[in-house]
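Reviewing the structure listed below.
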Amino acid sequence: MRSIAVAVSVVALAALTAGCTVTTIDTAQHAPQNDGANADASQTLHLRNVFLLGAADPSVPSQENFLFGVLINNGHKPAQLEQITPEGGGTVRLSAPITLHPNQPAGTGEQPIATVSGVSGGTVPMTFTFTGAAPVRLQVPVMQRAGWFARLTPPPGSTGTPTASPTS
């Protein structure tokens with residue numbers, strides 16, 4: 001009787017370990033590993049991981065949100081981000097003029113590319129306008145300033161140049 005129990009245990013263990021070795025993950029079916037929005041402004045201009053950094057407490061809306069994202073130019077000529085326009089009003093101030101040189105991504109550090117005020121909600125529709133490319137509209141998510149996102153807070157007193165003003 002004991003030998004039957006041992007044999008059953010060995011067969012069960014063999015089946016279990018054999019099943020574990022054939023487990024695979026189909027990475028081709030997964031979305032990019034980021035929390036922000038992704039879009040292409042042309043065949044050469046790409047926006048990746050674009051998000052707004054909001055308040056630490058989502059029940060208290062932030063007067064200023066900070067816009068983060070990576071902008072990539074895979075073309076042969078420099079391109080310029082002309083403006084960012086939030087739908088429904090609001091103001092966007094770029095941290096600095098953003099020229100996208102070929103194969104040199106912009107926005108890869110922990111500093112925002114812009115400051116956004118006068119917007120609210122969990123996502124904010126925004127239009128990015130570049131030189132020589134059609135405008136691209138994104139549903140930009142607002143992330144809570146907590147966990148990993150808490151370290152992205154820009155230094156106090158950061159200012160920029162307005163690129164869009166409130167609409168009536």
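The values are calculated or read from the model by the stated rules, or taken from the named source; none is laboratory data. These figures come from a predicted structure and were not determined experimentally. Every residue, glycine among them, receives a Cβ derived from its backbone with ideal geometry; neighbour counts consider all protein chains shown. Just so you know, the surface numbers come from the protein's heavy atoms only, side chains and all, with ligands and any DNA or RNA stripped out. Shrake-Rupley method; radii C 1.70, N 1.55, O 1.52, S 1.80 Å.
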Could you list, in sequence order, all residues of segment 89-127 that are part of a strand (DSSP E or B), over 14 Å from the mean Cα position of the chain (by Cα) and crowded, with 17+ Cβ neighbours inside 10 Å? THR91, VAL92, ARG93, LEU94, ILE98, LEU100, THR115, VAL116
Flagged in segment 20-62 as at pLDDT below 50 and not in a loop (DSSP other than H, G, I, E, B), in numbering order, are CYS20, THR21, THR27, ALA28, GLN29
Here the qualifying pairs (Cβ atoms under 6 Å; residues six or more apart or on different chains; first in segment 138-153 and within 13 Å of SER62 (Cβ to Cβ); second aromatic (Phe, Trp, Tyr) and not in a helix (DSSP H, G or I)) come out as MET143/PHE51
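Would you check which residues across segment 128-148 are hydroxyl-bearing (Ser, Thr, Tyr) and open to solvent by 40 Å² or more (accessible area, probe 1.4 Å) and list them? First the steps, then the outcome.
First, the residues of segment 128-148 that are hydroxyl-bearing (Ser, Thr, Tyr): 129, 131.
Within segment 128-148, just THR131 meets the criteria.
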Answer residue from segment 63-88, given it is surrounded by 15 or more Cβ atoms within 10 Å (Cβ to Cβ) and farther than 22 Å from ASP40 by Cβ and is modelled with the lowest pLDDT among those: GLU64
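Which residues, taken from segment 47-61, are open to solvent by 30 Å² or more (accessible area, probe 1.4 Å), within 17 Å of ALA114 (Cα to Cα) and not basic (Lys, Arg)?
If the condition is that a residue be open to solvent by 30 Å² or more (accessible area, probe 1.4 Å), within 17 Å of ALA114 (Cα to Cα) and not basic (Lys, Arg), then ASN49 is the only one that fits.
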